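Heads up, the thing below is written out as structure tokens.
The values are calculated or read from the model by the stated rules, or taken from the named source; none is laboratory data. The structure presented is a predicted model; accordingly, all values stated were derived computationally and were not measured. Cβ sites come from the backbone with ideal geometry, for glycine too, and all protein chains shown count toward neighbours.
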2 protein chains.
Amino acid sequence: MSIEQIINQIYTVPEASGQKLRQVIEEVTLPKGHILFEVGKISRNVYFIKKGIVRAYLYQHDTEVTFWFGREGDTVISMKNYVENKPGYENIELLEECVLYRIKTSDLQKLFKEDIHIANWGRRFGETELIKVEERLISRQFSMAADRYQEILTNSPDLIQRVQLCHIASYLGITQVSLSRIRSKIR
Amino acid sequence: MSIEQIINQIYTVPEASGQKLRQVIEEVTLPKGHILFEVGKISRNVYFIKKGIVRAYLYQHDTEVTFWFGREGDTVISMKNYVENKPGYENIELLEECVLYRIKTSDLQKLFKEDIHIANWGRRFGETELIKVEERLISRQFSMAADRYQEILTNSPDLIQRVQLCHIASYLGITQVSLSRIRSKIR
DNA sequence: TGCATTATTTATCCTATGTTAATTTTTTGG
DNA sequence: CCAAAAAATTAACATAGGATAAATAATGCA
């Protein structure tokens, strides 16, 4: 997925602004297992996924909680870090070898201040992500884990292939044992 | 809560931009029970709460699901509506008589296009809301309803006074009966 | 004030999911 | 290709929370 596609899927910026963005973006390839963001640390970068899959997780009562998967076309940032300039509360781990576009947070912040199209791009990014998270929260509110698993099977079947089931269970908010049970019922 | 306070708590805009915002904002008072946004309808306004409390809800399998409360200082928008310009999926109801600052979506969109400070204000708004929703999603992921109720007791004790328990139960993702059980255990 | 409506609690029984542990399957490195 | 490690499944039992219904408390309004 090209950087143009990734940027424009969120909000179409004029060529000149796209140019400015492209100038500060570099491409990097990182191995499976690499930790892109780490709890408690400040990161100076934002990434866009050209190829690969990643997960965001944190610890709650010693249990690992995966709360987000990012794939081709997704933007990877440590929200708390990026928004409030405080150490992030999440780890982000590459689940496959990934090709990423990298941009320095400072460059991005600078562009926000000087280019209104890029500021609006940033605005749209937050807004669309907000809707996604809100929809997930609502779906959790009143549907059983089994239904939510079905939803993944229907809408993102590739996820099941690319990601370990323990991470999917965590994402669904259930234990791996429970997910196993659900899967066995479906077959 | 003054409109300046509400705007600046999200992102401090220069006086000139604040002035532009103020010019397109008007104050309205609406009665308890009034529906500010309705499922399936396009709304042309965004609101800021000066005084009062509201809830956002929708129907899932014929059950009412409350997924957000807004209070003094909060911004009230129908996300889907505002972001994607599609009919909203939620109802927003006033739980008390409210004093609101109202701004036309079209005026706001126009300001986003012409004033970079306001565009960045909009960006920060989406980002901070995103963090809040994400935190709630995570808290749901691995803590029991009883713990989440305690969290409300600690962090927003006024909510229990101002809002019916059935809405709080729904917000917590449990039935009213279950919340009652939890409350009786605490006492 | 008092009746009617609505909100909350309590009780009973049931199901989805958690916990722990043992077993099987898959993946990985030498 | 095999042994060790990691991941996934299965089983047995425990618990949080759901459904329904009935009782009580609170609220609104004539």
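Observations, loosely collected:
- Selected residue [within 16 Å of DNA strand C (Cβ to nearest atom) and part of a helix (DSSP H, G or I)] from B:Leu130, B:Leu153: B:Leu153
- Of the set (1) of a type outside the set (Lys, Arg); (2) touching a strand residue (DSSP E or B) at 6+ places or on another chain (Cβ under 7 Å); (3) more than 26 Å from B:Arg136 (Cα to Cα), all apply to A:Asp74 but (3).
- Residue within segment A:125-144 that is farther than 24 Å from B:Tyr171 by Cα and within 13 Å of chain B (Cβ to nearest Cβ) present: yes
- Some residue of segment B:167-184 being surrounded by fewer than 19 Cβ atoms within 10 Å (Cβ to Cβ), touching a Gly at 6+ places or on another chain (Cβ under 8 Å), away from every other protein chain (no Cβ under 11 Å) and assigned to a helix (DSSP H, G or I): no
- For segment B:58-75, the criterion of being among the small types (Gly, Ala, Ser) and touching a Phe, Trp or Tyr at 6+ places or on another chain (Cβ under 7 Å) is met by no residue.
- Long-range neighbours under 7 Å by Cβ, at least six apart or interchain, first residue at the interface with chain A (Cβ under 7 Å from one of its Cβ atoms) within segment B:111-124, second of a type in the set (Lys, Arg) and in a helix (DSSP H, G or I): B:Phe112/A:Arg123; B:Ala119/A:Arg123; B:Gly122/A:Arg123; B:Arg123/A:Arg123
- Residue that is farthest from A:Arg123 (Cα to Cα), among those in segment B:133-159 that are at pLDDT below 90 and basic (Lys, Arg): B:Arg140
- Among the residues of segment A:168-176, not a single one is among the aromatic types (Phe, Trp, Tyr) and free of Cβ contacts under 8 Å to residues at least 60 places away in the same chain.
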